[in-house]
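*Asks:* The structure is given below, and queries will be raised subsequently.
The values are calculated or read from the model by the stated rules, or taken from the named source; none is laboratory data. Since this is a predicted model, take the numbers as computed values, not measurements. Reconstructed Cβ throughout: ideal geometry from the backbone, glycine too, with neighbour counts over all protein chains shown. Note: accessible area is taken over every heavy atom of the protein model, side chains too, but ligands, DNA and RNA are not part of it. Shrake-Rupley method; radii C 1.70, N 1.55, O 1.52, S 1.80 Å.
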Amino acid sequence: MLCVPKIQSVMATPSAPLLLLLLFLSLISLSSLPSTLSASGSIAINYGRVANDLPSPPHVVQLLKAQGLTKVKLYDTDSTVLSALSGSGISVTVALPNELLSSAAAGQSYTDSWVQSNIFAYYPKTLIEAIAVGNEVFVDPKNTTPFLVPAMKNVYSSLVKYNVSSIKISSPIALSALQTSYPSSSGSFQPELVEPVIKPMLNFLKQTGSYVMVNAYPFFAYTANTDTISLDYALFRDDKGVTDPNNGLVYKSLFEAQLDAVFAAMNTLGFNDVKVVVSETGWPSKGDENEVGASQQNAAAYNGNLVRRVLTSGGTPLRPDEPLNVYLFALFNENQKTGPTSERNYGLFYPSEQKVYDVPLTLEALASAPTASPSNTSRVVTKPPSTSSSGDFFPSTAGQTWCVASGDVGEEKLKAALDYACGEGAADCRPIQPGATCYNPNTLVAHASYAFNSYYQKNARRSGSCYFGGAAYVVSQLPKYGSCDYPTGY
């Protein structure tokens, strides 16, 4: 991933109702999609391994299955990982690293050998669906750009030689490939890239029925432009949105605006029929002092609201009929990545397999995730648990988690979430009634925390059951409000 300088754009809090209708409408567009893309939008994940403390690949495969994830993207063709994925039913995108591009571009004999050793040694038992040839090549300091398209063509020719043409070939590009991104309708590629590589790559993708891979990080644009981009806009919480002055389209998220800038740049070159897959996007749960917005709560908001947007809504304003297919970055925090603190804190999970924060990742999890109200699906806390003035947190049993309320979402939204938990959610709210053991302290946050945790524990701490439209979050330390004891299971 790459920090993107001065990118300005636009955000969408998705409308939650009519889920079945939305799913039906998205299915109608199935015939217009490549065979490897989902008709209703899909959520997948990047499995990076720049760390020395990660679980074994077989354990990772079980984790992916437990989360309902059916697609994963790698940054190499590691044999232990590909072997572990064999027979799992999980589709995988593998990678030919940047350092191999020059060899791959030099001749097909090299790629013939590479696909035999790295693809056909595992395929088809391992469901390899795509090969990412290079990664953000245009910003590679080793200047591997001239090798990109020849390498892509040779890898494809090698697959065809062995009668395998269903595996797609693409290459992830960073948003820095754009010269202009605001307004979205003015999106254009860097002029020096257009003729040598962009147009030949897009033409190859079109001819082979493949798609562009885009790494899109609203976090980078936000943290570099906090004076002009609001946090709500970056986190899918801007109901009003931003209007593109050129075409009148309204953008309610920075993410969508960034994608449409790419689409506009492609349209200008005559490639409005080439699809896009978001090969990376995410938000760090921790960062350095100058990395504004890097926090666990903002990461939960971004990823949680993004998942809901992708799985329950259509495409972008410029391409509304094309469902979004997104790979979250990343599965784990990776402790050996270099650079700022944020680089080591994009994971949804710690290496222990404990969640960094809780977000639903599938339609099933979304359906069971309570929301404070139909239109409020993305509000989150803005302070870590240790700064809460409503309660204290104490060390807990390893692996145990609890669900607590955010005091920063506003009284109205917190009250709506509490009413849901104690009503339709069937949480045990008897202890917070007047005179009961957990009535004191008599505060909305304390009562909501007890109710949310009751719901969370009753639902076996299932993914998405501590969400409440962003009004709640998971903690790994035992919460304590007055003399009230919080249950750890039912």
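*Asks:* In degrees, nearest 10, range 0 to 90: what is the angle between the Cα axis of helix 19-28 and the longest Cα principal axis of the chain?
*Replies:* Approximately 10 degrees, to the nearest ten.
*Asks:* R0 = 51 Å: FRET efficiency of Ser166 with Thr243, Cβ-based, nearest 0.05? Can you show the working numbers first?
*Replies:* Details: r = 42 Å, r/R0 = 0.82.
Plugging the Cβ-Cβ distance into 1/(1 + (r/R0)^6) gives 0.75.
*Asks:* Give the residue list of chymotrypsin sites (Phe, Trp or Tyr not before Pro) in the range 148-193 that are DSSP loop and have at most 14 other beta-carbon atoms within 10 angstrom. Spell out each step's value before the answer.
*Replies:* Numbers: sites: Tyr156, Tyr162, Phe189; in loops: Tyr162.
Sites meeting the loop and neighbour criteria: Tyr162.
*Asks:* What lysines could a cross-link reach from Lys168, if we take a straight Cα to Cα line under 27 Å and drop same-chain neighbours fewer than 8 places away?
*Replies:* Here the lysines satisfying the reach criterion relative to Lys168 are Lys65, Lys71, Lys73, Lys125, Lys142, Lys153, Lys199, Lys206, Lys275.
*Asks:* So with the 1.4 Å probe, I'd like the accessible area per residue for the chain, rounded to whole Å². Kindly include the intermediate steps, with their values, before the conclusion.
*Replies:* Numbers: 18960 Å² over 490 residues.
For the chain, the solvent-accessible area averages 39 Å² per residue.
*Asks:* Further question on the same structure: What is the chain by shape, rounded, prolate or oblate, if you read a ≥ b ≥ c off the alpha carbon gyration tensor as root eigenvalues and call it rounded for a/c under 1.5, prolate for a/b larger than b/c, and oblate otherwise?
*Replies:* prolate
*Asks:* With both bridge residues required to lie in the chain, what share of the DSSP beta bridges run antiparallel, to the nearest 5%?
*Replies:* Working: 14 of 43 bridges.
About 35 percent, rounded to the nearest 5.
*Asks:* Could you tell me what percent of the DSSP beta bridges with both partners in the range 72-208 are antiparallel, to the nearest 5? Provide the component values of the computation, followed by the final result.
*Replies:* Working: 2 of 13 bridges.
So the antiparallel bridges in the range 72-208 amount to around 15 percent.
*Asks:* A follow-up question, please. Share of the chain's accessible area from carbon and sulfur, percent, 1.4 Å?
*Replies:* Details: 9860 of 18960 Å².
Carbon and sulfur together cover 52 percent of it.
*Asks:* Which shape class applies to the range 402-475: rounded if a/c is under 1.5, otherwise prolate when a/b exceeds b/c and oblate if not, where a ≥ b ≥ c are the square roots of the Cα gyration tensor eigenvalues?
*Replies:* Oblate, since a/c reaches 1.5 and b/c is not below a/b.
*Asks:* Angle check, please: helix 199-208 long axis (alpha carbons) against the longest principal axis of the chain (alpha carbons), in degrees 0 to 90, nearest 10.
*Replies:* 80 degrees
*Asks:* Hey, got the dipole for the chain? About the Cα centre, +1 on K and R Cβ, -1 on D and E Cβ, debye to the nearest 20? Spell out each step's value before the answer.
*Replies:* Numbers: 32 positive and 37 negative charges, 155 e Å.
Roughly 740 debye for the chain.
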